[in-house]
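The values are calculated or read from the model by the stated rules, or taken from the named source; none is laboratory data. Quick caveat: nothing in here was measured; it's all calculated off a predicted structure. Glycine also receives a Cβ, built like all others from the backbone with ideal geometry; neighbour counts cover every protein chain displayed.
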């Protein structure tokens, strides 16, 4: 009797996760699977679960796998999964919430510091033989206000680090409860109005798509720093480009973009005061293991629960 299949929309999975899934046949879709790739693999192997690393899982993929019971995200953001289609088909969608919180929060802090301290610019100048000590002034973060949008595991971890730097932390999250005392809960207009730096840590939804746009950026303090390690769709990229060029936004540190991978010739490339990284906030050796183990555990929990219901 053949083992049930789990489809991984990636090229690998942590050994620790694989050890948990020994009763399953693991099929990999590769580093950059298209929807057609996933449909073909789902039709061929009829997986009972999909662990989502890359690519999008929509209704067509689900319909190609009649045995599918669980879609487990290798990470916290589930915007690449059609949750409405999954619910209609009785397929549970689960995320490895918090598994990469430390990694992403540290990346957000690194981007914030790089923007405030002109790290990339000064490094380039030094390598070119310049010594700008007499002319350069960076930004001191202690005593300044950071606005954190999204106060889940990642946002709270980032807020804790910002507080340790001596920053005043204000945050917005309509679903957050039991906030630590160093986070002051406020509404979004207060963040736009009072923050010297804004860091985005919320999931992407239809309601908050483009939450940072020309109108909201115009409400922000001149010289604000924008950091995004969440989802690129939270930002109107054309509006941010204009705001940085005008000096209204001092700098932007971005780890996520509307279209990924970023296409050659993107307007941000080569642009002054943009510090970019290729959506690697959660890509550390520790987070890789944590996310894989959590994704595997979520699959096993869903399958066990559905088996119990079937009995």
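Tabulated data for the structure shown
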{"read-out": "Residue match in segment 6-17 (condition: at pLDDT below 95 and in contact with a helix residue (DSSP H, G or I) (Cβ under 8 Å, 6 or more places away or on another chain))", "value": "no"}
{"read-out": "Residue among 118, 76 that is under 22 Å from residue 259 (Cα atoms) and within 25 Å of the chain's Cα centre (by Cα)", "value": "76"}
{"read-out": "Criterion (surrounded by fewer than 18 Cβ atoms within 10 Å (Cβ to Cβ), in contact with a strand residue (DSSP E or B) (Cβ under 6 Å, 6 or more places away or on another chain) and in the same structural domain as residue 181 (by TED's automatic domain parsing)) met by exactly one of 163, 132", "value": "163"}
{"read-out": "Boolean, residue 178 is on the phi > 0 side of the Ramachandran plot, free of Cβ contacts under 8 Å to residues at least 40 places away in the same chain and in a loop (DSSP other than H, G, I, E, B)", "value": "yes"}
{"read-out": "Segment 256-311 - residue that is closer than 24 Å to residue 91 by Cα, modelled with pLDDT under 95 and touching a strand residue (DSSP E or B) at 6+ places or on another chain (Cβ under 9 Å) and, of those, surrounded by the most Cβ atoms within 10 Å (Cβ to Cβ)", "value": "306"}
{"read-out": "Scan of segment 261-287 for residues that are in contact with a helix residue (DSSP H, G or I) (Cβ under 9 Å, 6 or more places away or on another chain) and either in a helix (DSSP H, G or I) or under 19 Å from residue 10 (Cβ atoms) (or both), ordered by number", "value": "279, 280, 281, 282, 283, 284, 286, 287"}
{"read-out": "Which listed residue, of 142, 153, is under 26 Å from residue 190 (Cβ atoms), touching a residue at least 24 places away in the same chain (Cβ under 8 Å) and surrounded by fewer than 17 Cβ atoms within 10 Å (Cβ to Cβ)", "value": "142"}
